[in-house]
Amino acid sequence: MQYFSDIYIGKYIKAPTISTRIKILELSAELTRKVGFNGFSYLDLAKEIGVKHAGIHYHFKTKDDLALALVNSIRERNGAIRAAFEQDLDDPKARLDAMVEYFASYPKGDKFCMCGMMAAELASFSPNVRQSLALYFKEFRNWLAVQFSLLKHPDPQRAALQFISGLEGSLLIARLEGDAEVVNRAMSRTAAQHTIKL
């Protein structure tokens, strides 16, 4: 079974009516993954969606407001994906493999992890956005640590840090080299290796 956000959002998050606000968030996420959050403007969003510039400001007064809403929406969505793995997969190693598969889909569309991309632009965000970004990675690492704990790893927190670092780093290399399979190659034995005391 494939595990991508568009599959699980419908199952775990009530699908909203497609409104201008939702379109703004979806397009902003798409552009952030491709060019970074600071790589597009409200004018770009307005042209693409087909609304007036003021229409973007109506929903998000400032771009920082948009950034916060965007990170919070991704935290909610990815939380739903993790919940789906918990429900559908009994084996923690299978959950880790599914997470790799999920991340490995990004380079195929010439994209990067949205929160990873925004973390690289951290200095340009308000404290509220920075805090939400930090919570995204904390929630992700905590979930990974639980999986490694179930795998009897002697240091689940360290394994979680290595895992997420491997994911983000391999995404960067995959994009630079134009090779979407880099993520799978880099992470293919990670879960198995982390069940052994290093």
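Out of the helices (runs of 4 or more DSSP H) lying entirely within the stretch 29-147, which hold 3 or more residues that are without any contact (Cβ under 8 Å) to a residue 40 or more places away in the chain and touching a helix residue (DSSP H, G or I) at 6+ places or on another chain (Cβ under 7 Å)?
42-49, 53-59
The rows are residues; the columns are (1) at pLDDT 95 or above; (2) within 24 Å of Leu171 (Cα to Cα); (3) surrounded by fewer than 17 Cβ atoms within 10 Å (Cβ to Cβ).
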{"site": "Gln2", "(1), (2), (3)": "no, yes, yes"}
{"site": "Ala15", "(1), (2), (3)": "no, no, yes"}
{"site": "Ile22", "(1), (2), (3)": "no, no, yes"}
{"site": "Lys34", "(1), (2), (3)": "no, yes, yes"}
{"site": "Asp44", "(1), (2), (3)": "yes, no, yes"}
{"site": "Lys52", "(1), (2), (3)": "no, no, yes"}
{"site": "Asp97", "(1), (2), (3)": "no, yes, no"}
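Give me the residue from the stretch 72-118 that is over 22 Å from Ala180 (Cβ atoms) and aliphatic (A, V, I, L, M) and, out of that set, nearest to the chain's Cα centre (by Cα).
Per the stated criteria, the residue is Ala80.
The values are calculated or read from the model by the stated rules, or taken from the named source; none is laboratory data. Bear in mind the structure is a predicted one, so any value in this text is a computation, not a measurement. Don't worry about glycine lacking a Cβ; one is built from the backbone with ideal geometry, like all the others, and counts go over all protein chains shown.
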